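**Q** So that we are looking at the same thing, I have put the structure below in structure tokens.
The values are calculated or read from the model by the stated rules, or taken from the named source; none is laboratory data. Quantities reported herein were computed from a predicted structural model and do not represent experimental measurements. Every residue, glycine as well, gets a Cβ built from its backbone with ideal geometry; the counts of neighbours run over all protein chains shown.
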Amino acid sequence: MRILLTCLLFIASQAFAQDSLTRDGYTVYYSAIPTLDLTPEVARGYAITRSEQRALLNISIRRDTEAGNVAVRAAISGSVQNDAGQAQRVTVREIREGDAIYYLAEPRMRPGDTLRFDLVVTPEGSTQPISVRFSRPFFR
């Protein structure tokens, strides 16, 4: 199942240019797509609501170590704001599959909205939070 989600998020992220931000040896990868871009099977497998009024935020954090680039856990908080100025808190859930760790959230949106994400990511083992701010249009 992880391979399906990873492939789908990679393909979708190419349309939205998956982004990353590196600070103090940690890299935060983030992308946001409409949940309707997921197949029903993938959405069901990850308990994601497919709807034209839901986006999927995907965040993963990796750290460069002597042993290589490894996934790390993180505390993530923040908010999402739509075009009308309505804000909602980001509530993430952690997904662990083998060595992979990533975080998913499903903010509400309307087709045509541009969502503005304002996140604070604190990797496990770090005392320095990483601010992640980005916007994504959601056209159908």
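**Q** Here are the criteria: (1) part of a strand (DSSP E or B); (2) within 17 Å of the chain's Cα centre (by Cα); (3) within 21 Å of S131 (Cα to Cα); (4) not basic (K, R). Tell me which single one T91 does not satisfy.
**A** Checking T91 against (1) part of a strand (DSSP E or B); (2) within 17 Å of the chain's Cα centre (by Cα); (3) within 21 Å of S131 (Cα to Cα); (4) not basic (K, R), the one that fails is (1).
**Q** List pairs: first in the stretch 95-121 and on the phi < 0 side of the Ramachandran plot and without any contact (Cβ under 8 Å) to a residue 40 or more places away in the chain, second in a strand (DSSP E or B) and of a type in the set (D, E, K, R), Cβ under 7 Å, 6+ apart or cross-chain?
**A** T114/R136
**Q** Any idea how many residues of the stretch 94-107 are loosely packed, with under 15 Cβ neighbours inside 10 Å and under 15 Å from the mean Cα position of the chain (by Cα)? Before the answer, list the steps.
**A** At the first step, the residues of the stretch 94-107 found to be loosely packed, with under 15 Cβ neighbours inside 10 Å are 94, 96-100.
After this cut, where a residue has to be under 15 Å from the mean Cα position of the chain (by Cα) as well, the list is 94, 96, 100.
Qualifying residue count, the stretch 94-107: 3.
**Q** Scanning the stretch 108-140 for residues that are of a type in the set (V, I, T) and under 19 Å from D19 (Cβ atoms), which turns out surrounded by the fewest Cβ atoms within 10 Å (Cβ to Cβ)?
**A** T114
**Q** Is it the case that the stretch 124-138 has a residue that's basic (K, R) and in a loop (DSSP other than H, G, I, E, B)? Even if it seems obvious, please write down each step before you answer.
**A** Looking only at the stretch 124-138, we keep the residues that are basic (K, R), and these are 133, 136.
Now narrow it down to the ones that are in a loop (DSSP other than H, G, I, E, B): none.
Scanning the stretch 124-138 turns up no residue that is basic (K, R) and in a loop (DSSP other than H, G, I, E, B).
**Q** Let me ask another. Can you report the number of residues in the stretch 52-72 which are surrounded by 14 or more Cβ atoms within 10 Å (Cβ to Cβ) and either outside any strand (DSSP E or B) or in contact with a strand residue (DSSP E or B) (Cβ under 6 Å, 6 or more places away or on another chain) (or both)? Working first, answer last.
**A** Kept after step one, since they are surrounded by 14 or more Cβ atoms within 10 Å (Cβ to Cβ), are these residues of the stretch 52-72: 53-63, 71-72.
Now narrow it down to the ones that are either outside any strand (DSSP E or B) or in contact with a strand residue (DSSP E or B) (Cβ under 6 Å, 6 or more places away or on another chain) (or both): 53, 55-63, 71-72.
Total satisfying the criteria: 12.
**Q** Assess whether T49 counts as being among the β-branched types (V, I, T), surrounded by 13 or more Cβ atoms within 10 Å (Cβ to Cβ) and in contact with a Ser or Thr (Cβ under 7 Å, 6 or more places away or on another chain).
**A** Details: among the β-branched types (V, I, T): yes; surrounded by 13 or more Cβ atoms within 10 Å (Cβ to Cβ): no; in contact with a Ser or Thr (Cβ under 7 Å, 6 or more places away or on another chain): yes.
Here the answer is no, as T49 does not meet what is asked.
**Q** Additional query: Run A75 past the list (1) in a helix (DSSP H, G or I); (2) modelled with pLDDT of 95 or more and report the number of the one that doesn't hold.
**A** Of (1) in a helix (DSSP H, G or I); (2) modelled with pLDDT of 95 or more, only one is false for A75: (1).
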